[in-house]
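Each remark here refers to the structure printed beneath this line.
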Amino acid sequence: MLNFLIMILALLFGIPVALAGMAEQAPAKFTESVETGSTGNMEDCPVWSQEKIQREMQHLTRQMAEWDQLYRQQGISEIDDEIYDQLLETLTLWRTCLYQTSASTFSVAVPREGKQPHPVQHTGLNKLKGVKEIHQWLQGRSAVWLQPKVDGVAVTLVYEKGRLAGLISRGNGSEGTNWMDKSSFITDIPKQIKNAPERLVLQGELFWQQDNHRQSVAGSQGARSKVAGLMMRKSSAPELGQIGIFIWGWPDEPNEMAVKLERLASMGFPTVQQYSHRILSAEDAEKRWRSYFIQPLPFATDGVVLRQETEPTGRQWRAGSNSWAIAWKYPLQQQLTTVRDVHFKIGRTGRISVLLELEKVKLDDRQVKRVNLGSVRRWKQWNVYPGDKVTVALAGHGVPKLDKVVWRIAERPDIQPPNAQDFHLLSCLVSHDSCQQQFIARLTWLGENLKMKGVGQGTWAALVKYGLVTHLTDWLALDIAQLTEVPNIGTKRAKLILAQFQQARLQPLSSWREAIGLPYANRFTDEMGWQWDLQLSETGMKNPLTAKQTAKIAAFLQHPEIKALVHVLTVHRIGEKQGSEENKVGEKEEVESVSYSEAREQEHASDALNNVSDQNRHN
């Protein structure tokens with residue numbers, strides 16, 4: 001991979017070709033042969049000019065070369081393997097967007113010094129997703145076994161007359177690096193085997209040994225990178241003793257898996273026997289797949305491997321070609337995606353929060369296309385803009401969260417957040433162009449506190465958009481004729497909305513205080529009514545107020561728009577006893593005649609309006 005990256009740098013920046021030769025002396029990051037899995041589709045190209053794509057591709061190529069260099073020199077991994085592979089796919093896509101040819105596999109040369117061919121080539125594994133694909137693969141196959149897909153570094157072990165004679169990294173599948181100098185420190189690898197064949201060739205995975213590792217909880221924790229870093233160091237380290245070996249391939253030996261496993265255990269490789277299972281169906285495989293994901297294991301895994309008992313002879317094994325075994329990987333704990341836009345959301349009290357719009361990704365059977373960053377201050381700390389590559393994960397209760405900004409585009413767009421000074425507790429009490437978000441948030445809060453069923457943000461947004469509501473109390477004077485003029489609100493829907501408006505009038509004064517946003521509303525008693533001249537006397541309060549609380553309430557009540565609002569509520573006799581008890585009961589019966597099914601219809605209709613509102617907001 002480093003060879004590919006440096007050649008790109010040479011072409012793009014005029015780096016001397018001699019520099020490209022350095023790739024022959026350096027293993028690439030994580031794996032020495034990386035399959036991109038995709039050649040890119042033109043419809044996925046970013047909406048950028050060709051020049052911008054070229055510049056960003058150069059920028060990403062430089063970053064990936066830096067990661068490789070850091071990993072090669074110091075064994076430090078700054079990016080997870082899966083994310084690295086996905087960034088390779090991004091480079092491939094961008095080359096397609098520029099109509100440049102791109103191979104589907106980036107092969108990386110191993111160091112010339114110590115280069116060694118594999119006696120039997122490493123084939124690699126194709127990957128399947130889901131029970132349906134597993135079921136199709138199993139059709140026509142018999143004697144299939146399942147093993148955990150250990151997350152480590154693939155190697156070849158060679159024994160001559162029972163003595164360890166070779167330890168070779170996977171490399172490009174055909175040849176790898178001679179790691180024999182590290183073998184004496186890895187106690188899990190037998191140095192001498194009794195009763196071994198004259199020549200024994202095994203393939204397996206070097207892994208980082210752990211205690212009770214649960215993949216579903218802890219993830220891989222960089223286990224593969226840790227092993228690779230130790231093996232690629234020029235000097236040996238004591239930590240090599242923490243490395244284990246899981247044998248998954250024994251070419252040209254017993255076809256019966258049970259016999260093969262028994263002989264491997266007797267030769268000093270017992271782990272594979274413990275974690276190999278005969279399966280009879282896709283459902284059986286799924287059960288094991290789920291079990292290995294959650295149960296404690298001595299190693300990290302990234303899925304399971306299904307392999308049929310009968311295999312071709314070793315001389316038929318070819319790098320990149322394997323029809324007798326497949327991998328079924330676990331869902332990623334985090335996913336790489338691209339930021340499409342940054343939205344600023346202004347809430348009822350004027351608080352500004354930041355929402356990232358993302359290219360849609362799947363996490364644990366959930367489609368994620370937005371994450372909430374919190375405050376503008378946190379957004380600035382994250383320093384994330386459209387075009388940046390980020391990873392997202394699921395936090396508690398399945399809420400998506402921003403995990404990391406993996407790569408930032410070179411050309412940072414100029415995005416200015418709303419001025420925080422313009423939005424506060426007393427701003428946007430009336431609707432106008434720069435105030436619609438906060439004003440609609442106020443109406444939504446009002447509707448919730450007055451128990452309006454099926455009248456949500458989408459409904460309020462539509463009423464504001466078509467000019468029917470510009471003040472917090474305008475809806476009190478609306479009639480069916482006016483409501484039916486709004487698109488997506490027919491006569492039936494208008495009647496249901498009007499019924500909710502009517503029942504809101506009957507809500508207690510305490511609910512109305514909360515609805516209009518009165519600070520510390522729960523501290524007032526109902527006896528006060530709308531007589532604000534008694535508003536702050538201790539006789540009208542449930543509990544005494546501090547000077548700061550009193551000042552906050554006073555500022556709210558003395559605001560001209562609040563005074564006008566209270567006047568309207570008084571005119572509509574909100575909070576007063578409305579006539580006799582019999583009339584009041586009659587009014588309530590009329591309002592409450594709306595059936596449960598009609599209320600549900602309101603909720604569905606409100607959802608439709610919400611969708612329309614969202615589309616308008618993002619268009």
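The values are calculated or read from the model by the stated rules, or taken from the named source; none is laboratory data. Note that this is a predicted model, so its numbers are computed, not measured. Every residue, glycine among them, receives a Cβ derived from its backbone with ideal geometry; neighbour counts consider all protein chains shown. Only protein heavy atoms, including side chains, enter the accessible area calculation; ligands, DNA and RNA are left aside. Shrake-Rupley method; radii C 1.70, N 1.55, O 1.52, S 1.80 Å.
Just one residue in the set Gln209, Gln215 is in contact with a Ser or Thr (Cβ under 6 Å, 6 or more places away or on another chain) and at pLDDT 85 or above; that residue is Gln215. Here Asn488 fulfils each of the conditions (1) crowded, with 20+ Cβ neighbours inside 10 Å; (2) on the phi > 0 side of the Ramachandran plot; (3) not hydroxyl-bearing (Ser, Thr, Tyr) apart from (1). For the condition modelled with pLDDT under 90 and either surrounded by fewer than 20 Cβ atoms within 10 Å (Cβ to Cβ) or assigned by the TED database to the domain that holds Ala218 (or both), Ala319 qualifies. Selection of the range 398-431 for residues being under 30 Å from Tyr520 (Cα atoms), without any contact (Cβ under 8 Å) to a residue 60 or more places away in the chain and touching a Phe, Trp or Tyr at 6+ places or on another chain (Cβ under 8 Å) yields only Ser431.
When you scan the range 456-464, do you find a residue that is of a type in the set (Phe, Trp, Tyr) and closer than 28 Å to Lys548 by Cα, even just one? Among the residues of the range 456-464, not one is of a type in the set (Phe, Trp, Tyr) and closer than 28 Å to Lys548 by Cα, which makes the answer no.
Hand me the list of helices (runs of 4 or more DSSP H) wholly inside the range 137-244 holding 3 or more residues that are surrounded by fewer than 21 Cβ atoms within 10 Å (Cβ to Cβ).
180-183, 215-218
Scanning the range 526-569 for residues that are in a loop (DSSP other than H, G, I, E, B), modelled with pLDDT of 65 or more and surrounded by 13 or more Cβ atoms within 10 Å (Cβ to Cβ) yields a total of 4. Of the residues making up the range 342-377, those that are under 16 Å from the mean Cα position of the chain (by Cα) and not hydrophobic (A, V, I, L, M, F, W, C) are Glu357, Glu359, Lys360, Lys362, Asp364, Asp365, Arg366, Gln367, Lys369, Arg370, Asn372. Count of the range 446-460 residues, restricted to those that are within 18 Å of Gln502 (Cα to Cα) and assigned to a helix (DSSP H, G or I), is 6. In the range 303-331, the residues that are under 13 Å from Gly130 (Cα atoms) form Cβ pairs under 9 Å with partners that are hydroxyl-bearing (Ser, Thr, Tyr) and in a strand (DSSP E or B), at six or more places apart or across chains, as follows: Tyr330/Thr301. Within the range 194-215, is there a residue that is of a type in the set (A, V, I, L, M, F, W, C), over 29 Å from Trp137 (Cα atoms) and out of contact with any helix residue (DSSP H, G or I) (no Cβ under 7 Å at 6 or more places or on another chain)? Yes.
Quick grid of which residues meet (1) surrounded by fewer than 19 Cβ atoms within 10 Å (Cβ to Cβ); (2) among the basic types (Lys, Arg); (3) more than 16 Å from the chain's Cα centre (by Cα):
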{"residue": "Tyr385", "(1), (2), (3)": "no, no, yes"}
{"residue": "His397", "(1), (2), (3)": "yes, no, no"}
{"residue": "Lys401", "(1), (2), (3)": "yes, yes, no"}
{"residue": "Trp407", "(1), (2), (3)": "no, no, no"}
{"residue": "Phe423", "(1), (2), (3)": "no, no, yes"}
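For Gln274, the conditions (1) open to solvent by 40 Å² or more (accessible area, probe 1.4 Å); (2) within 24 Å of the chain's Cα centre (by Cα) are fulfilled apart from (2).
Residues in the range 322-349 that are surrounded by fewer than 19 Cβ atoms within 10 Å (Cβ to Cβ) and not charged (D, E, K, R): Asn322, Ser323, Trp324, Ala327, Pro331, Thr338, Val342, His343, Phe344, Gly347, Thr349. Residue under question is Leu468, and the condition is that it be surrounded by fewer than 20 Cβ atoms within 10 Å (Cβ to Cβ) and not in a helix (DSSP H, G or I); does it hold? Yes: the conditions hold for Leu468. You will find that of Leu463, Leu496, Leu443, Leu476, the residue that is open to solvent by less than 20 Å² (accessible area, probe 1.4 Å), part of a helix (DSSP H, G or I) and either more than 23 Å from Ala564 (Cα to Cα) or of a type in the set (Phe, Trp, Tyr) (or both) is Leu496 and no other.
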